[in-house]
Amino acid sequence: MTLSSPLLLAVGLLVTAALAWAVVVSARRRAAALAAAGVVVRGGRGTYLGAGLTIAGVGVLAFAGAGPAAMVPVPRTAGTVILAVDVSNSMGADDVAPTRLAAAQRAARAFVEAQPDSVDIGVVAFERGALTTARPDADHSVALKAIDRLKLTGGTSLGTAITGSLSAITGKQVALGRDGEAPDIGYWPSATIVMFTDGQNQGGDVEQAAAVAQRAGVHIHTVGVGTTAGAAVRVDGFHLQTSLDEETLTLIARTTGGDYHPASDAARLDAIADTIDLRLTVSDEPLPLAGALIGLALALLTGGAARTVLRSGRVI
């Protein structure tokens, strides 16, 4: 329970106490005057009910004026999301119109626009290396601009994509050891990686990198951009056949507790934002009580006034 104006509560309680004291003094003087006149007054439980209700109403109103609020747990989507987007040359294939990269960019933008301000979103572009093009931020316009700047280049390293995304989450460089040993990067259960790629891995220890994310509590949702039939793409004067590697993307998702989302066409990619469930966190948020208390105070004051009028014909 919190109060926005404790001073108003103190003043209100003093007024309530003064009113109660005035009622008691007035009742004693009236009883003494009637006794001196030889009038016997028989009190009952309801004799001072009207005054009691009125005083209680004033007290509740004073409490409402102090701005009370109850802290209640509210679940909401929150945390950090890294959008890891594959910009390797294979993403230039047109088996998803107009190209895999263009379709992934459109889906990534739709994902960003669907998230509340409580989610910090960052963007990592990856091929053989990984570059953080937008650090996690509640200002989603930064992520949208980073997505629009993505261009095709190089090959694909899914392991580097994972460690690069973990670097963006932790704020420090994350890399596998020479012998593949996994670094201890701490525990980041409120972080999620959403990876848009065709899964054509050409380097990096994917399983070891996924294990690092799993131990850190980071879920990875993989979005397969492309078709298993594949398409040819021209690189350095050569035509290379490239197809969607669902097996690798499913392995990454399962290892980290995420999900694999196949998106073989533009329509399915556009719906990705609705199919990925992010972490739900519970935070204490203030619930104002003044409105309910004012309603209760008015009911008490009305009841007190009605009781007094019906019993004595006087408001006080």
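The values are calculated or read from the model by the stated rules, or taken from the named source; none is laboratory data. The model shown is predicted, which means the values in this text are computed figures rather than measured ones. All Cβ positions, glycine included, derive from the backbone under ideal geometry; neighbour counts span all protein chains shown.
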message = With among the polar types (S, T, N, Q) and modelled with pLDDT under 90 as the only criterion, which of Thr156, Thr197, Thr163, Thr192 stands out?
response = Thr156
task = Among the residues of the stretch 10-51, write down those that are at pLDDT 80 or above and in contact with a Gly (Cβ under 8 Å, 6 or more places away or on another chain).
result = Leu13, Thr16
key: Condition met for Val81 (at pLDDT 80 or above, in contact with an Asp or Glu (Cβ under 8 Å, 6 or more places away or on another chain), not in a helix (DSSP H, G or I) and not polar (S, T, N, Q))   = yes
note = Listed by range, helices (runs of 4 or more DSSP H) wholly within the stretch 227-276 having at least 2 residues that are loosely packed, with under 14 Cβ neighbours inside 10 Å are 272-275
query = In the stretch 120-147, which residues are part of a strand (DSSP E or B) and either in contact with a Phe, Trp or Tyr (Cβ under 8 Å, 6 or more places away or on another chain) or modelled with pLDDT of 90 or more (or both)?
reply = Asp120, Ile121, Gly122, Val123, Val124, Ala125, Phe126, Ala134, Arg135, Pro136, Asp137
query = Out of curiosity, is Arg106 in a helix (DSSP H, G or I) and of a type in the set (Lys, Arg)?
reply = yes
message = Would you confirm, using the coordinates I've provided, whether Ala216 is over 30 Å from the mean Cα position of the chain (by Cα) and surrounded by fewer than 24 Cβ atoms within 10 Å (Cβ to Cβ)?
response = no
query = Across the stretch 175-189, which residue is surrounded by the fewest Cβ atoms within 10 Å (Cβ to Cβ) among those that are modelled with pLDDT under 90 and under 28 Å from the mean Cα position of the chain (by Cα)?
reply = Asp184
